[in-house]
Amino acid sequence: MISLRHVTTTFKGGDITAVDDVSLDVRRGSIHGIIGFSGAGKSTLLRNINLLERPTSGEVWVDGEELTGLSAEQLRQRRHQIGMIFQGFNLVNNHTAVANVELSLTFAGVTNRRERRRRALEALELVDLADRAKAYPAQLSGGQKQRVAIARALATKPNVLLCDEPTSALDPFTTATVLQYLADINAQLGITIVVVTHEMEVIKALADDVTVMESGAIVEQFTTEQLRSDSFRPHTAIGSYLISEGISVDKGRTGTLEVPATLATHEDVDAASVTADDAATTLQKVGN
């Protein structure tokens, strides 16, 4: 469905390599997770797929068509079949929910106003927001805003949906709700979904296939089915985290806490060694 072939993306005249010779295949109808720490190049790679960020070199193929070989007008038309949702929702504040969804149809060339409204309402119905069609973004919760963004991406009936950190601005309960909608969309409509995130739990809950990135390159790939196997042995820190129980903290640990010198200048605190209680007191004083 999606094939990246030796894709490299550089900035500042080649001084910064955000994506480094990446080749990646995404199965049709799958949910593919791309995960990595900040600066790994995952968001740039996602934007390479629809050429919002054109690669410096390499080829991008979507549904048998090489996007990197299209003219500007051909690419603009082709993007209507590649929906995208963002971490920040990107809604127009003085437009209602239904008007925000209609925007994607306007850009797609749907000139009939009744047809735009009908399709926008259908898209909102898919995410259970038809009853909030006339609400403005300021009247919606974070989760509802993201669901409007999903509806907007679905209104043009794409066969690919790209998601750039779609739940990073949401609380855990709302995150689970949005992920369920994405899973339902994938199952019911057969849309191929690519999700970029740094949230490990999102990958474990949603993805079929996982790609791990570091320093612009792919360093590990596996399926979530492999994650559930007792014999699976990942070779990256992220892979190891995904099969662990998650974050753990030793609350019974005793000893000293290293405090940066910039904090130690307050109240004449010794930066070399200070107890955790002393550090907390210092931080409280600095905050005040």
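The values are calculated or read from the model by the stated rules, or taken from the named source; none is laboratory data. Bear in mind that the values here come from a model prediction, so they are computed numbers and not experimental data. Backbone-built Cβ (ideal geometry, glycine too); neighbour counts: all protein chains shown.
Is it the case, given these coordinates, that F107 is closer than 11 Å to R152 by Cβ and in contact (Cβ under 8 Å) with a residue 60 or more places away in the chain? I'd like the intermediate steps shown before the answer.
Numbers: closer than 11 Å to R152 by Cβ: yes; in contact (Cβ under 8 Å) with a residue 60 or more places away in the chain: no.
No; evaluated as a whole, the condition is false for this residue.
For M1, are the conditions met, namely being under 18 Å from K157 (Cβ atoms) and in contact with a Cys (Cβ under 9 Å, 6 or more places away or on another chain)?
Details: under 18 Å from K157 (Cβ atoms): yes; in contact with a Cys (Cβ under 9 Å, 6 or more places away or on another chain): no.
No.
Pull out all pairs, ordered by first then second residue, where Cβ-Cβ is under 9 Å, the residues are six or more apart or on different chains, the first lies in region 170-183 and is in contact (Cβ under 8 Å) with a residue 40 or more places away in the chain and among the β-branched types (V, I, T), and the second is surrounded by 14 or more Cβ atoms within 10 Å (Cβ to Cβ) and part of a helix (DSSP H, G or I).
none
Can you find even one residue in region 52-62 that is out of contact with any His (no Cβ under 7 Å at 6 or more places or on another chain), surrounded by 16 or more Cβ atoms within 10 Å (Cβ to Cβ), in a helix (DSSP H, G or I) and in contact (Cβ under 8 Å) with a residue 12 or more places away in the chain?
Checking region 52-62: not a single residue is out of contact with any His (no Cβ under 7 Å at 6 or more places or on another chain), surrounded by 16 or more Cβ atoms within 10 Å (Cβ to Cβ), in a helix (DSSP H, G or I) and in contact (Cβ under 8 Å) with a residue 12 or more places away in the chain.
Can you tell me which of (1) outside any loop (DSSP other than H, G, I, E, B); (2) crowded, with 16+ Cβ neighbours inside 10 Å is the one P166 doesn't meet?
Among (1) outside any loop (DSSP other than H, G, I, E, B); (2) crowded, with 16+ Cβ neighbours inside 10 Å, the lone unmet condition for P166 is (1).
Would you say P137 is in contact with a Gly (Cβ under 6 Å, 6 or more places away or on another chain) and in the same structural domain as V196 (by TED's automatic domain parsing)? Walk me through how you get there before you give the answer.
Numbers: in contact with a Gly (Cβ under 6 Å, 6 or more places away or on another chain): no; in the same structural domain as V196 (by TED's automatic domain parsing): yes.
Here the answer is no, as P137 does not meet what is asked.
Could you say which residue among V101, V92 is in the same structural domain as A155 (by TED's automatic domain parsing), out of contact with any Pro (no Cβ under 7 Å at 6 or more places or on another chain) and not in a loop (DSSP other than H, G, I, E, B)? Break it down into steps so the answer makes sense when it comes.
Working: V92 fails: not in a loop (DSSP other than H, G, I, E, B).
One residue alone meets the criteria, V101.
Hey, does region 11-21 have a residue that's part of a loop (DSSP other than H, G, I, E, B), free of Cβ contacts under 8 Å to residues at least 40 places away in the same chain, more than 21 Å from the chain's Cα centre (by Cα) and under 24 Å from G190 (Cβ atoms)? Can you show your working first?
To start, the set of residues in region 11-21 that are part of a loop (DSSP other than H, G, I, E, B) comprises 12-15.
In the following step, the residues that additionally are free of Cβ contacts under 8 Å to residues at least 40 places away in the same chain were identified as 12-13, 15.
Subset that is more than 21 Å from the chain's Cα centre (by Cα): 12-13, 15.
Then keep just the ones that are under 24 Å from G190 (Cβ atoms); that gives none.
Looking for residues that are part of a loop (DSSP other than H, G, I, E, B), free of Cβ contacts under 8 Å to residues at least 40 places away in the same chain, more than 21 Å from the chain's Cα centre (by Cα) and under 24 Å from G190 (Cβ atoms), one finds none in region 11-21, hence no.
If a residue must be over 14 Å from the mean Cα position of the chain (by Cα) and charged (D, E, K, R), how many such residues does region 148-172 contain?
3
Quick check on my filter: what residues within region 190-214 are within 23 Å of W61 (Cα to Cα) and surrounded by fewer than 16 Cβ atoms within 10 Å (Cβ to Cβ)?
Hit for region 190-214 is G190, nothing else.
Just one of T8, T106, T111 is of a type in the set (S, T, N, Q), in a helix (DSSP H, G or I) and at negative phi; which is it? Let's see the steps before the verdict.
Working: T8 fails: in a helix (DSSP H, G or I); T111 fails: in a helix (DSSP H, G or I).
Going through T8, T106, T111 in turn, the sole match is T106.
Within region 96-110, is even one residue closer than 20 Å to A176 by Cβ and in contact with a Leu (Cβ under 9 Å, 6 or more places away or on another chain)? Quick ask: steps written out before the conclusion?
First, pick out the residues of region 96-110 that are closer than 20 Å to A176 by Cβ: none.
The answer is no; no qualifying residue exists.
List the number of the failed condition for T192; all other conditions in (1) modelled with pLDDT of 95 or more; (2) farther than 30 Å from D25 by Cβ hold.
Condition (2) is where T192 drops out.
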